[in-house]
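Undergrad: Could you have a look at this structure, given as structure tokens, before my questions?
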Amino acid sequence: MDGSDEQPAGRPAPRPGPLLGVLAILVAATLLNNVLLPGAYLLWACLALAGLVLLARADGLARQDWGLGRITPRAALLAVALAALTAAAMLLGTRLPGIASAYLDQRVRGMSGGQVAFAALVRVPVGTALLEEVAFRGVLLAMLTRRYGTVLGVVGSSVAFGIWHLLPSTGLVGGNAAIGSALGTHHLVVGLAAMAAAGLAGAFLCLLRIRADHLIAPLAVHATANSLAYLLAWLLLRS
């Protein structure tokens, strides 16, 4: 990813349409996923992914521009190492009294083993991690960087990622006692805290994307963290 504002030879100057289209897809996806028809989450995720890829091509971006070029050995090794480190840190957290309670997400209570396996192995990796990485660390970061440079690209993508988490954060108030105890039960406070945390996480994942020159590194961290959170919450609530 090149942070230069100068356009490569033969590549037309970017038009506003594709970028506005990406933002429209993200707004529609978060409303459908969290408010209008959340039961069809995977369908909306797949449609959003298809739309994002088409808009990236319409903007003149090649696959390597938004992080899905050839996977180098260095990028693959970084992804494996970071996924293992993420898993180890999360497992360690279950043994720490001040942190373990944060895993107890009541929304997984009552789920069967098959439902948890589907969530951890399909719904989260595809409907959450892949969609969000392609959207925020892939297409949106590439479009913003191409227009405004790397710094503003990272900032814009991270802010958008924070806003993306506003609607999902409403379930944290009643679903997680530790978060409710720490932040209270006011939806706005919890929402702002969730947005800030997601924005910081988004900035970190953007830096991973740039460092690895591929989406595989942030995708590995994101999928490991979210899928393992489901599994650990389910196991801890059953113990």
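Undergrad: Pairs please, first residue from segment 210-235 and closer than 20 Å to Val126 by Cβ and at pLDDT below 95, second anywhere and of a type in the set (Asp, Glu) and surrounded by fewer than 23 Cβ atoms within 10 Å (Cβ to Cβ), Cβ atoms under 7 Å, 6+ apart in sequence or on different chains.
TA: Ala233/Asp105
Undergrad: Go through segment 22-49 residue by residue and tally those that are free of Cβ contacts under 8 Å to residues at least 60 places away in the same chain, under 21 Å from Ala119 (Cα atoms) and exposed (fewer than 15 other Cβ atoms within 10 Å of the Cβ).
TA: So the answer is 6.
Undergrad: So which of Ala142, Ala100 is of a type in the set (A, V, I, L, M, F, W, C), surrounded by 17 or more Cβ atoms within 10 Å (Cβ to Cβ) and touching a helix residue (DSSP H, G or I) at 6+ places or on another chain (Cβ under 9 Å)?
TA: Values: Ala100 fails: surrounded by 17 or more Cβ atoms within 10 Å (Cβ to Cβ).
Answer to the check: Ala142.
Undergrad: With respect to the numbered conditions (1) modelled with pLDDT of 85 or more; (2) farther than 25 Å from Leu31 by Cα; (3) small (Gly, Ala, Ser), which one is the sole condition not fulfilled by Ser239?
TA: It fails just one condition, (1).
Undergrad: Which one is nearest to Trp234 (Cα to Cα) among residues in segment 55-109 that are within 20 Å of the chain's Cα centre (by Cα) and basic (Lys, Arg)?
TA: Looking at residues that are within 20 Å of the chain's Cα centre (by Cα) and basic (Lys, Arg), I get Arg107.
Undergrad: Separate question: If the requirement is being hydrophobic (A, V, I, L, M, F, W, C) and modelled with pLDDT of 95 or more, which of these qualifies: Ala40, Ala50, Ala9? It would help to see each step written out before you state the result.
TA: Details: Ala40 fails: modelled with pLDDT of 95 or more; Ala9 fails: modelled with pLDDT of 95 or more.
Just one listed residue meets the conditions, Ala50.
The values are calculated or read from the model by the stated rules, or taken from the named source; none is laboratory data. From a predicted model like this one, the values you see are computed outputs, not experimental measurements. Methodologically, a virtual Cβ is constructed for each residue, glycine included, from the backbone with ideal geometry; neighbour enumeration extends over all protein chains shown.
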